[in-house]
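The next block holds one structure in the form of structure tokens; read it before the comments.
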Amino acid sequence: MIEIEGLVRRFGSLTAVGGISLRVAKGEVLGFLGPNGAGKSTTMKMITGFLAPSEGRISVCGHDVVEEPFEAQCAIGYLPEGAPAYPDMTPEQFLQFIAQVRGLKDDAAKQAIQTAAARTGLQAVLDQRIDTLSKGFKRRVGLAQAILHNPPVLIMDEPTDGLDPNQKHAVRNLIRAMSPEKAIIISTHILEEVDAVCTRAVIIDRGRVVADGTPAQLLAKSPSRRLDDVFRDLTTPDAEIKAEATS
Amino acid sequence: MSFWNSTYAVFRREFEGYFATPLAYVFIVIFLLAMGSFTFYFGQFYETGRAELDVFFGFHPWLYLFLIPAISMRLWAEEQKSGTIELLLTLPISVAAAVIGKFFAAWAFAGVALFLTFPMWVSVNYLGSPDNGVIFASYIGSLLMAGGYLAIGSCLSALTNNQVIAFVVTVVVCFMFTISGHDLVLGFFQSWAPLTLVDAVSSFSFLTHFAAIMKGVIDLRDLVFFGSLISLFLFINVIVVDQKRAG
């Protein structure tokens with residue numbers, strides 16, 4: 001459902017994404033792993049049409065993101081990094097706005113808001129202003145917004161960041177429950193999350209894919225069979241990048 | 001998702017946003033106090049003993065100069081600062097729909113503030129018999145002028161994520177548009193520039209066009225001036241926001 005070919009993104013002289021090709025099929029939960037600044041968020045921003053690719057092609061459900069952004073964006077639910085939402089609205093008003101933009105009317109909108117709020121555990125705070133909510137609730141408002149129109153494609157940038165262990169567990173269950181009918185990409189720093197929810201993991205380092213496989217296949221790459229070690233072996237620590245830049 | 005449907009969704013969210021914070025109430029109270037005090041104290045509304053609102057409208061351009069940028073500064077700068085722009089631009093909304101929705105919300109808000117000055121109109125009718133046609137035309141002119149200032153402000157707000165910068169730059173640019181018909185500016189050009197250039201500079205002046213409408217005649221030329229000025233700045237606004245994708 002998501003096809004990415006030769007995706008490149010440059011910011012001035014910096015190449016944030018340097019030629020990524022990927023395919024994600026229905027039923028897959030793809031985990032994006034990589035150190036900070038590896039290009040995970042930039043890739044997600046290009047898939048969702050927020051940033052234009054410098055090179056390459058992205059298609060979502062058969063719609064080219066650059067040529068047919070509307071059709072592609074209708075098929076995508078997106079949780080941007082940091083789960084931004086309008087602070088002066090309540091989750092209810094915010095979700096109503098999203099429903100209206102997504103073309104859901106009256107009963108359909110009400111139904112969608114109820115379902116999304118129930119799935120993300122938002123019912124108790126629906127009438128509280130978003131800027132008064134805790135970090136965990138804000139994140140869940142972002143999640144509810146992303147799944148509101150029951151999109152076939154879900155892109156989530158660090159969906160469990162800032163959640164407590166119980167909430168993390170709940171969100172992972174939610175992702176697993178939705179996964180059979182959707183193509184999902186999540187980015188994460190938390191390696192255990194890959195094991196918990198992902199059917200496939202991609203490790204990105206400095207804008208390139210350095211590993212792609214099921215969690216089990218990735219584990220096999222290290223003698224210790226620990227994902228931390230695989231991650232460390234395949235990615236470049238900051239110190240090395242600095243050393244390279246100065247040399 | 002039709003263009004107008006998403007424009008309306010953005011309009012509604014933005015318009016309600018003004019009233020969700022104290023901003024709307026603070027603005028309206030200050031707007032009315034300023035309008036009132038300028039007219040009565042500096043304009044010597046009673047002392048002139050004439051049943052007209054010329055003094056009242058005469059202060060509008062100068063009050064707008066500082067108050068309108070206070071409405072427009074948040075339009076885009078705030079979205080960019082808080083990251084909600086990423087959410088907005090990845091929803092299936094065209095940039096033009098977002099720009100127009102936001103502009104009309106700000107304009108409608110300015111319209112509400114202007115409408116609340118109606119006691120002035122009522123009082124002047126109570127005190128004497130003014131030319132209500134002239135007053136009506138002046139209100140229309142004032143609203144158009146507010147729209148002009150807002151379009152400039154909206155466009156400049158998109159260029160920065162800092163609201164203070166947006167405010168200051170908007171005041172300066174609006175000031176130039178306001179006084180370009182003033183003798184001070186024209187005198188500077190008259191000494192050396194050809195007459196056509198002097199006329200061109202003068203024709204960009206809000207004061208000139210507003211003064212024309214304040215005489216009670218809504219001339220097509222003045223309508224075209226404000227209409228095309230608003231369209232031009234909103235068009236640039238769309239380009240500026242669109243450029244952020246390529247960034």
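With respect to the conditions (1) closer than 17 Å to residue B:68 by Cβ; (2) loosely packed, with under 14 Cβ neighbours inside 10 Å; (3) touching a helix residue (DSSP H, G or I) at 6+ places or on another chain (Cβ under 8 Å), residue B:46 lacks only one, and its number is (1). Taking the criterion of being within 21 Å of residue B:9 (Cα to Cα), small (Gly, Ala, Ser) and out of contact with any Pro (no Cβ under 8 Å at 6 or more places or on another chain), the residues of segment A:104-140 that qualify are A:108, A:109, A:112, A:116.
Here residue B:44 meets each of (1) farther than 23 Å from residue B:215 by Cα; (2) of a type outside the set (A, V, I, L, M, F, W, C); (3) away from chain A (no Cβ under 14 Å) with one exception, condition (1).
Within segment A:1-17, the set of residues being touching a residue at least 12 places away in the same chain (Cβ under 8 Å) and surrounded by fewer than 18 Cβ atoms within 10 Å (Cβ to Cβ) comprises A:3, A:5, A:6, A:8, A:10, A:15. Each residue in segment A:104-122 was checked for being within 14 Å of chain B (Cβ to nearest Cβ) and not in a helix (DSSP H, G or I), and 2 pass. Take the conditions (1) within 7 Å of chain B (Cβ to nearest Cβ); (2) more than 15 Å from residue A:8 (Cα to Cα); (3) not hydrophobic (A, V, I, L, M, F, W, C); residue A:49 misses just one of them, which is (2).
Taking segment B:152-247 and the helices (runs of 4 or more DSSP H) fully enclosed by it, the elements with 3 or more residues that are modelled with pLDDT of 90 or more and surrounded by 19 or more Cβ atoms within 10 Å (Cβ to Cβ) are at B:163-179, B:220-246. Selection over segment A:155-172 of residues that are out of contact with any Ser or Thr (no Cβ under 6 Å at 6 or more places or on another chain) and buried (at least 24 other Cβ atoms within 10 Å of the Cβ) gives a count of 3.
Would you call residue B:23 among the aliphatic types (A, V, I, L, M), more than 20 Å from residue B:137 (Cα to Cα) and crowded, with 16+ Cβ neighbours inside 10 Å?
On the way: among the aliphatic types (A, V, I, L, M): yes; more than 20 Å from residue B:137 (Cα to Cα): yes; crowded, with 16+ Cβ neighbours inside 10 Å: yes.
Considered against the rule, which asks whether it is among the aliphatic types (A, V, I, L, M), more than 20 Å from residue B:137 (Cα to Cα) and crowded, with 16+ Cβ neighbours inside 10 Å, residue B:23 comes out as yes.
In the set B:152, B:165, B:135, only one residue is in contact with a Leu (Cβ under 7 Å, 6 or more places away or on another chain) and β-branched (Val, Ile, Thr); that residue is B:135.
Restricting to segment A:10-65, and then to whatever is more than 19 Å from the chain's Cα centre (by Cα) and of a type in the set (A, V, I, L, M, F, W, C), can you tell me which residue is farthest from residue A:79 (Cα to Cα)? Only one residue tops the list, namely A:14.
Mind checking which strands (runs of 3 or more DSSP E) fall wholly inside segment A:173-222 and carry at least 3 residues that are in contact with a helix residue (DSSP H, G or I) (Cβ under 8 Å, 6 or more places away or on another chain) and surrounded by 19 or more Cβ atoms within 10 Å (Cβ to Cβ)?
Values: elements: A:183-187, A:200-205, A:208-213.
Those strands (runs of 3 or more DSSP E) span A:183-187, A:200-205.
When A:125, A:101 are checked against the criterion of being aliphatic (A, V, I, L, M) and either in contact with a Cys (Cβ under 7 Å, 6 or more places away or on another chain) or within 14 Å of chain B (Cβ to nearest Cβ) (or both), a single residue qualifies: A:101.
If the condition is being more than 10 Å from chain B (Cβ to nearest Cβ), without any contact (Cβ under 8 Å) to a residue 60 or more places away in the chain, surrounded by fewer than 24 Cβ atoms within 10 Å (Cβ to Cβ) and not aliphatic (A, V, I, L, M), then segment A:54-91 contributes A:55, A:56, A:57, A:59, A:62, A:63, A:64, A:67, A:68.
Among the candidates B:38, B:15, B:11, B:66, which residue alone is in a helix (DSSP H, G or I), more than 14 Å from chain A (Cβ to nearest Cβ), crowded, with 18+ Cβ neighbours inside 10 Å and of a type outside the set (Val, Ile, Thr)? Lay out the reasoning, then the answer.
Values: B:15 fails: more than 14 Å from chain A (Cβ to nearest Cβ); B:11 fails: more than 14 Å from chain A (Cβ to nearest Cβ); B:66 fails: crowded, with 18+ Cβ neighbours inside 10 Å.
On inspection, the qualifying residue turns out to be B:38.
Screening residue A:127 against (1) within 22 Å of residue A:188 (Cβ to Cβ); (2) not in a strand (DSSP E or B) leaves a single unmet condition, (1).
The values are calculated or read from the model by the stated rules, or taken from the named source; none is laboratory data. From a predicted model like this one, the values you see are computed outputs, not experimental measurements. Positions of Cβ are generated from backbone atoms using ideal geometry, with glycine treated the same way; all protein chains shown enter the neighbour counts.
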